[in-house]
Ligand SMILES: C[S@@+](CC[C@H](N)C(=O)[O-])C[C@H]1O[C@@H](n2cnc3c(N)ncnc32)[C@H](O)[C@@H]1O
């Protein structure tokens, strides 16, 4: 199974259950607040920047209040359906916000995604996506091709070594800093005390197994992200670490994670390349 298939399969299985947990709403809110406090840092001319700065994340559409049109692309039909259903129930028409199914990194793009309305964006954003992508330089390059010269790519993902274990009550365990996100993968032979029988019988572990299959790296270093943005041809690259950690649960595994935010801009003189790419 290709990684693209693994991603489609995993996210189709979880669909809207992906972010309907109370702890996930909190994660979304923290990322929303962090990015809305840094609109200048993104470096593109947003609209309505005086408004909505502390309102809730409107189902995760962090930049929604500051842009005119949003176009989503996701490989999972279920994630796309959920996204569009939420936009409609928030009263937003498809002309303003709409997502379509597509593999952003496929060599051949389907007709719908090769049209001019899917290019020349001021901003491209990927939330918690890059740890699922096989070739992060290729991924960043594909996104760059969809930006106008001067347009920005903004991503958020997890910081390597930035996890803390949480106790039963969800409180961070002092001195537990490290990588704790994927340690219960029962096929790796270091199953940390969980027997194969338990893992195989427990549906939560099987979902975790599918999640692990769709993840390439669980986290990134600040330098690593800077490097792959630069290699993909971005300029004005900056990677910052969110001070506040976020609390997450995966199949009974309670952890606090650290999030990094990264941005880069398509060079203004990238026009010639734009022409030859199209
Ligand atoms: C962890 S989810 C993040 C969802 C959302 N961006 C957020 O911030 O909550 C990662 C998403 O990346 C999508 N994805 C993975 N590979 C992809 C690809 N090649 N093209 C488009 N979407 C992809 C998955 O289907 C999934 O919805």
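The table that follows gives values for the structure above.
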read-out: Highest-first arrangement of 219-225, 136-142, 67-73, where packing means the average Cβ count within 10 Å; value: 136-142, 219-225, 67-73
read-out: Which of 256, 41 has the fewest Cβ neighbours within 10 Å, and the rest in rising order; value: 41, 256
read-out: Ascending count of other beta-carbon atoms within 10 Å, so fewest first, for 176, 214; value: 176, 214
read-out: Contact order relative to length of segment 1-149, as percent, for alpha carbon pairs under 8 angstrom and 6 or more apart; value: 22 percent
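Every number in this text was worked out from the coordinates using simple rules, so none of it is lab data. Keep in mind it's a predicted model, so treat the numbers as computed, not measured. Glycine gets a Cβ as well: all are built from the backbone with ideal geometry, and neighbour counts include every protein chain shown.
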